[in-house]
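Q: Mind having a look at this structure? Questions to follow.
Here, each number is a calculation from the coordinates, and none is a lab measurement. Predicted model only: the values in this text are computed from it and were never measured. Ideal geometry is used to build each Cβ from the backbone, glycine not excepted, and the neighbour counts take in all protein chains shown.
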């Protein structure tokens, strides 16, 4: 069970970041639109969602980076995969795709073992 904790932590944070980024983007676009007088409601122009979600999302994205790097070191990911996983948190909904790829990769490696994964990588070269 302890081997799954880093993966579980990454998965939870990836989902939260994946939900938070679209909320942040919609709130930002909405705030820009209302600042330019494009809103019909006077109360709609408050950027409260951005002020609340923005810092939370930023902090959680940093946590996501740390968790992804932790998994990368534990699971011996290559640099490209690690950069793609970390970068996926900056594109709306891509953290969900990255989370699935990470989960598949980690579980596959744990099923066959690290030696079999290394041997398969050597055979591919």
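Q: Any idea how far apart residue 52 and residue 70 come out in nm if each label point goes 7 Å out from Cα toward Cβ?
A: It is 2.8 nm.
Q: If each of residue 91 and residue 25 carries a label point 7 Å out from its Cα toward its Cβ, how far apart are those two points in nm?
A: Here the answer is 1.1 nm between the modelled labels.
Q: Another one. Taking 0.36 nm per intervening residue step and subtracting the Cα-Cα distance, what contour gain separates residue 15 from residue 84 on full extension?
A: Here the answer is 23.2 nm.
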